[in-house]
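J.: Below is one structure. I have some questions about it.
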Amino acid sequence: MLNPKLFAPKEDIPRGLYTALGLACFLTILLIWSLLTYTGLVAPMFLPRPDQALKAGLSLLQGGSLTTDTALSVFRVSAGFFLAAALGVPLGILMGTLKVFEGLFEPVIGFIRYLPASAFIPLFILWLGLGEIEKIAVIFFGTFFQLTLMVMDATKNTPMELIEVSYTLGASRRDVFFKVILPYALPGIVDTLRITFGWAWTYLVVAEIVGATSGLGFMIMQSSRFLRPERIIVGILVIGLLGMITDALFKLIYRLSFPWLGKEGR
Amino acid sequence: MAKLEIDGVTKSFNTARAGRVEALSTVSFTVGEGEFITLLGPSGCGKSTLLRIIAGLEEPSSGEVRLDGRPITGPGPERGMVFQSYTLFPWLTVRQNIEFGLELKGLPRSERRAVADRYLNLIGLSAFENALPKNLSGGMKQRVAIARALANDPEVLLMDEPFGALDAQTRAVMQEVLLGAWEESRKTILFVTHDVEEAIFLADRVLVMTARPGKIKAVIEVRLPRPRPFSLKTAPEFLRLKEEALALIREETLKAVQMG
Ligand SMILES: Nc1ncnc2c1ncn2[C@@H]1O[C@H](COP(=O)(O)OP(=O)(O)OP(=O)(O)O)[C@@H](O)[C@H]1O
Ligand SMILES: [Mg+2]
């Protein structure tokens, strides 16, 4: 008999069950993959068998190329993302705090963020060449604008009443910024970083399509050219795994840093 | 000289939907040093607006508010405010919330602690000094908000229906706690409420407001002895005042309801 509470909106479920459900979903995908391939329903040249992918992963690992590709990709994603965060977080906070800056930058950023980062690659190559800077620029371009707007929103969420009550307690504008707006907005900012770091990963392959000689994205493109689908799968899985790890790290930081947040997030 | 002078204050809001909304028509009155005034009026008559103007959070459309003869131009710590909703800083503990204003003033840690201890004790939450707001009930949160305002030692305390969301029993206890604190500190208090009994029980003078646009309709002098025990609420003189206020407020509430 199913516990009726399982399907009550927003009701908590046992922690073990929660984990088990996620695991079950992964296993189901693996099962479907196995069924499709081991029965011969789909030819290996379109979808390789799990054991082929595993073997390809191990051989790439032994050859050392997977490690260097991964390291390089991690570097590019992190560099592009940290650059975007280093500029976007202060700018977003400023825009969320002072309407002058919102009025100044919001329209431009709102426009640029709809431009596809991939369409700028030819320009970036023209301007920056084919080196690391160009790859980092693509990732930066893909994340900076969204990140800035999301940080602005997180900052704007600070309730006016908290600001007003601090004025009546003697706060200066500076105090309001450092002692009310910043602490209130911080969880939202950390959450924004978590989400946009995920997006930075999605721009990796785009960044490494052209002019790259290494990296996970390059490895995937190369494998496609030489019809090695099992290597594509390896590349995709490694990217997914890295994304999951960073996501979990951010969530941990979030939980440890903001014990004051209620069950509902605030 | 009066501590606080509200001199011909009016306020209209420009709204996109309804055009110009007149919240306050001309309001004038004065408050003496150490006086406890309650503002009684139907919902939407502009009580919060008036308090926000006195706090300096809102500008009057015309008229002026003066504290010790000096016009008010913005918010300041000499006019503390307790809001209608609970406005605790969620990332600070109960003690840190109470110490917030003191820290802004640059009071040394030991002094801050001593002041906070006193008010924690007064509101009966010493055991919760390290609790976070998310773990407090509504009544506890409002007690902390009051302690935070009192600890800052303002000259005037503005209170906007601070007990509005509390149940009747908690509300009665809180009224006594507040009176206790006031009798000790003799601060000038302006207390907004729409509860007739509360208005009379606390005040030296009750200012009854009209329906929106609000102005002062009548002033009820409350010459009941202090300290006021809870039992006073059933004394004949109290009941007489209550009847008088109820009649006044009923007229206005009817108007407010008809206005929609
Ligand atoms: N910022 C604003 N913009 C437009 N109209 C406003 C604004 N603030 C208040 N009003 C209007 O002014 C009138 C008075 O509002 P106010 O909040 O002062 O009433 P109140 O007496 O405190 O009511 P309540 O007892 O329900 O708290 C209302 O009609 C309200 O809609
Ligand atoms: Mg109000």
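The values are calculated or read from the model by the stated rules, or taken from the named source; none is laboratory data. What you are looking at is a predicted structure, and each value in this text was computed from that prediction instead of being measured. Note that we place each Cβ from the backbone using ideal geometry, even for glycine, and neighbour counts take in every protein chain shown. Note: accessible area is taken over every heavy atom of the protein model, side chains too, but ligands, DNA and RNA are not part of it. Shrake-Rupley method; radii C 1.70, N 1.55, O 1.52, S 1.80 Å.
J.: Percent relative contact order of chain B, based on C-alpha pairs within less than 8 angstrom and at least six residues apart?
T.: 27 percent.
J.: How well do other chains shield peptide B:143-150, expressed as the mean number of their Cβ atoms within 10 Å of each residue Cβ?
T.: Going residue by residue through B:143-150 and averaging, the value is 1.
J.: Sort A:108-116, A:174-182, B:184-192 by the packing proxy (mean of other Cβ within 10 Å over each peptide's residues), most packed first.
T.: B:184-192, A:174-182, A:108-116
J.: Now for a different question. Taking every residue in B:83-94, how many Cβ atoms of other protein chains lie within 10 Å of its Cβ, on average? Show your work: numbers first, answer last.
T.: Working: counts 5, 1, 2, 1, 8, 2, 8, 9, 9, 3, 1, 0.
Average per residue, whole number: 4.
J.: Mind pulling the angle between the C-alpha long axis of helix A:216-225 and the longest principal axis of chain A? Nearest 10 degrees, somewhere in 0 to 90.
T.: Tilt relative to chain A: about 40 degrees.
J.: Using Cα pairs closer than 8 Å and at least 6 residues apart in sequence, work out the relative contact order for segment B:26-101, in percent.
T.: Relative contact order of segment B:26-101: 18 percent.
J.: Related question: How big is the protein assembly as shown along each principal axis, measuring the range of its Cα positions in Å and listing the largest first?
T.: 97, 61, 55 Å, listed from the longest principal axis down.
J.: Shielding by partners for A:159-166, please: the mean number of other protein chain Cβ atoms within 10 Å of each residue's Cβ.
T.: Average per residue, whole number: 6.
J.: Where a Cα-Cα gap under 12 Å defines reach, which aspartates and glutamates qualify for B:Lys187, not counting those fewer than 8 residues away within the same chain?
T.: Here the aspartates and glutamates satisfying the reach criterion relative to B:Lys187 are B:Glu33, B:Glu35, B:Glu78, B:Asp153, B:Glu155.
J.: Further question: Pop out the ³J(HN,Hα) list for segment B:82-96 in order, Karplus 6.51 cos²θ - 1.76 cosθ + 1.60 with θ = phi - 60°, rounded to Hz; leave Gly and Pro as x.
T.: Those phi angles translate into 10, 8, 4, 9, 6, 10, 7, 6, x, 8, 9, 6, 3, 5, 5 Hz.
J.: Got a sec? Charge dipole of the protein assembly as shown, +1 on Cβ for Lys and Arg, -1 for Asp and Glu; which of A:Leu31, A:Met45, A:Pro116 is way out at the positive end?
T.: A:Met45
J.: Heavy-atom accessible area of B:Trp91 with all protein chains present, probe 1.4 Å, nearest 10 Å²?
T.: Surface accessible to solvent at B:Trp91 totals approximately 40 Å².
J.: On to the next question. Mind listing the long-range amide H neighbours of B:Thr188? Cut-off is under 5 Å, sequence gap 5 or more, other chains count too, H placed in the peptide plane at 1.01 Å from N.
T.: B:Gly34, B:Leu157
J.: Sticking with this structure for a sec: Using only the alpha carbons of segment A:49-264, determine the length spanned along each of the three principal axes and report them from longest to shortest in whole angstroms.
T.: Here the Cα extents, ordered largest to smallest, are 68, 41, 22 Å.
J.: Let me check something: with ligands and nucleic acids excluded, how do A:Thr39, A:Thr213 order by accessible area (1.4 Å probe), largest to smallest?
T.: Result of the area sort, largest leading: A:Thr213, A:Thr39.
J.: What FRET efficiency would be calculated for the residue pair A:Leu61, A:Val100, taking the C-beta separation as r and a Förster radius of 60 Å, to the nearest 0.05? Could the numbers behind the result be given before it?
T.: Numbers: r = 53 Å, r/R0 = 0.89.
With a Förster radius of 60 Å, E is 0.65.
J.: To test your reading of the geometry: what angle, between 0 and 90 degrees and rounded to tens, separates the Cα axis of helix B:168-185 from the longest principal axis of chain B?
T.: Approximately 80 degrees, to the nearest 10.
J.: Give the angle, between 0 and 90 degrees and rounded to the nearest 10, that separates the Cα long axis of helix B:109-122 from the longest principal axis of the Cα atoms of chain B.
T.: 60 degrees
J.: Related question: Quickly work out the A:Ile29-to-B:Arg66 label distance, labels modelled 7 Å from Cα along the C-beta direction, and quote it in nm with one decimal.
T.: Distance between the two pseudo-spin positions: 7.3 nm.
J.: Taking the solvent-accessible surface of protein heavy atoms with a 1.4 Å probe, what is the per residue accessible area of chain A in Å²? Walk me through the numbers before you get to the answer.
T.: On the way: 15120 Å² over 266 residues.
Computed with neighbouring chains in place, this is 57 Å² per residue.
J.: Still on this model: Sort A:24-34, A:239-249, B:95-105, A:77-87 for me by packing, meaning the mean count of neighbouring Cβ atoms within 10 Å per residue, highest on top.
T.: With the highest mean Cβ count within 10 Å placed first, the list reads B:95-105, A:77-87, A:239-249, A:24-34.
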